[in-house]
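Remarks on the structure that follows.
The values are calculated or read from the model by the stated rules, or taken from the named source; none is laboratory data. Given the structure is predicted, the values throughout are model-derived calculations rather than measurements. For neighbour counting, all protein chains shown are included, and Cβ atoms are generated from backbone atoms with ideal geometry for every residue, glycine included.
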């Protein structure tokens, strides 16, 4: 699907490039537009392992949405994921330059930007477009649902690919997520704003 909006992590990636590119380690981590290596410490491995286990059990990463009630459940699941991730950031508060801290930040920020997009999408719909036959299951008009599903697919892919990188730090496999809900490791770069410092370097 064509991305209905783009994630904007330019500030985070610029900061990461400055802090992390000089690191050398046994674990290779890939982000949109950037890659680096590290030797995770015990705290990073433990926190990463907890994230992998907790997130892989969330509904939004394990079930397709087909109606507005499902959408509501997915939005609730995203709020739960955000709470889990923020809690793990607090545990890493003493190491804000940690690669794992950055990965968590990219997940939290992606959820925030998705929820902002979803809110604006609903606000932009004409009032009369909500008058449909079955308001209990389809409160949102078709065009809103279509854009929402495209955005959710983009967010799911982003969260899953971050989870793959976190599983490398944790040195553990991702459990529970069904094969048909998994994504390949290649970042969908058209879904991200390209950092200007990379554009200058390639000029």
Does segment 181-203 hold any residues that are over 18 Å from the mean Cα position of the chain (by Cα) and either surrounded by fewer than 10 Cβ atoms within 10 Å (Cβ to Cβ) or at pLDDT below 80 (or both), and which are they?
197, 198, 199, 200, 201, 202, 203
Here are the criteria: (1) part of a loop (DSSP other than H, G, I, E, B); (2) within 24 Å of residue 3 (Cα to Cα); (3) at pLDDT below 85; (4) in contact with a helix residue (DSSP H, G or I) (Cβ under 7 Å, 6 or more places away or on another chain). Tell me which single one residue 144 does not satisfy.
(1)
It is to be established whether one or more residues within segment 104-111 are at pLDDT 90 or above, in a helix (DSSP H, G or I), surrounded by 14 or more Cβ atoms within 10 Å (Cβ to Cβ) and in contact with a strand residue (DSSP E or B) (Cβ under 6 Å, 6 or more places away or on another chain).
yes
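Quick one: which residue in 82, 46 is out of contact with any helix residue (DSSP H, G or I) (no Cβ under 7 Å at 6 or more places or on another chain), modelled with pLDDT of 90 or more and either in a helix (DSSP H, G or I) or more than 28 Å from residue 189 (Cβ to Cβ) (or both)?
Details: 82 fails: out of contact with any helix residue (DSSP H, G or I) (no Cβ under 7 Å at 6 or more places or on another chain).
Among 82, 46, only 46 is out of contact with any helix residue (DSSP H, G or I) (no Cβ under 7 Å at 6 or more places or on another chain), modelled with pLDDT of 90 or more and either in a helix (DSSP H, G or I) or more than 28 Å from residue 189 (Cβ to Cβ) (or both).
Suppose we keep only residues that are modelled with pLDDT of 85 or more and surrounded by fewer than 17 Cβ atoms within 10 Å (Cβ to Cβ) within segment 13-34. Which one would you say is nearest to residue 74 (Cα to Cα)?
Checked segment 13-34; the qualifying residue nearest to residue 74 (Cα to Cα) is 30.
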